[in-house]
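Just so it is clear, none of the values below were taken in a lab; they were calculated from the coordinates. On a predicted model such as this, the values are computed, not experimentally measured, just so you know. Heads up, the Cβs are rebuilt from the backbone with ideal geometry, glycines too, and the neighbour counts pull from every protein chain shown.
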Ligand SMILES: [Zn+2]
Ligand SMILES: [Zn+2]
C-alpha cells in the first residue's frame with residue numbers, strides 16, 4: 001500500500017516525520033510526502049472560527065498520489081455537530097485528515113512521565129494510524145488499548161497505544 005501525506009497549511013517537519021513514522025510502523029506501507037498545500041477555499045466557517053474537515057478530505061482524495069491519502073493540518077477542524085475533531089475519514093474511502101490543533105493541549109491525566117513534546121508526537125502518530133485504519137475499513141474498537149478506540153479527548157488518545165489490537169490487525173492484513 002502507498003500512503004501519501006498531504007500537508008495543508010503550515011505543517012512542521014516534526015509533524016510530517018511523526019506521521020510517516022506512525023504509518024510505517026503499523027502498516028505495511030510506503031509513505032510519501034506531498035508538496036504543502038494551501039488551505040482549501042471555502043473550508044473556513046467564520047461563525048465557528050473553525051474549518052470543515054470534509055473539505056480537507058476532499059483535497060487529500062483529489063490530489064493525493066497514494067491508494068490512501070491523509071491531509072495533515074494545524075487548523076482547528078469540526079464535523080457536523082461535533083465541537084471539534086482530531087481527525088476524520090470515511091470508511092473505506094481514499095481520503096482522510098488529522099488536525100494537530102488540539103493535540104498540543106496537556107492531558108488532565110498526568111499518568112505519564114513522558115515530556116510534552118514526546119506526548120504530542122505520540123498523539124500525531126496515533127491519530128494518523130487511526131484515520132488510515134478507517135480508510136482500510138476498520139470501525140471503532142472497544143479495546144481500550146487499540147488505536148481504533150474512539151478517543152474524543154486527548155486523555156483517551158493518551159491511554160491507547162499506537163498499534164492495532166489483534167482483532168483489528170487481522171482485518172487489515
Ligand atoms: Zn475514528
Ligand atoms: Zn482493535
_Testing the spin-label approximation: label points 7 Å from Cα along Cα→Cβ at residue 32 and residue 49. State their distance in nm._
3.9
*Sort out for me the Cα centre separation of region 5-62 from region 70-94, rounded to whole Å.*
10
*For each of 131, 18, count neighbouring Cβ atoms within 10 Å of the residue's Cβ, then give the residues from fewest to most.*
18, 131
*Förster-model FRET efficiency, 41 Å R0, residue 171 and residue 41, C-beta, rounded to 0.05*: 0.65
*Using Cα pairs closer than 8 Å and at least 6 residues apart in sequence, work out the relative contact order for region 89-160, in percent.*
40
*Assuming R0 = 22 Å, can you tell me the calculated FRET efficiency for the pair residue 153 and residue 14, based on Cβ-Cβ distance, to the nearest 0.05?*
0.45
*Mind running the shape call on the chain? Use the C-alpha gyration tensor, a ≥ b ≥ c as the square roots of the eigenvalues: rounded below 1.5 for a/c, prolate if a/b tops b/c, oblate otherwise.*
rounded
*Find the relative contact order for region 2-172 and round it to a whole percent, using C-alpha pairs within less than 8 Å whose residues are 6+ positions apart.*
21
*Would you mind ranking 57, 63 so that the residue whose beta carbon has the fewest other beta carbons within 10 Å leads the list?*
63, 57
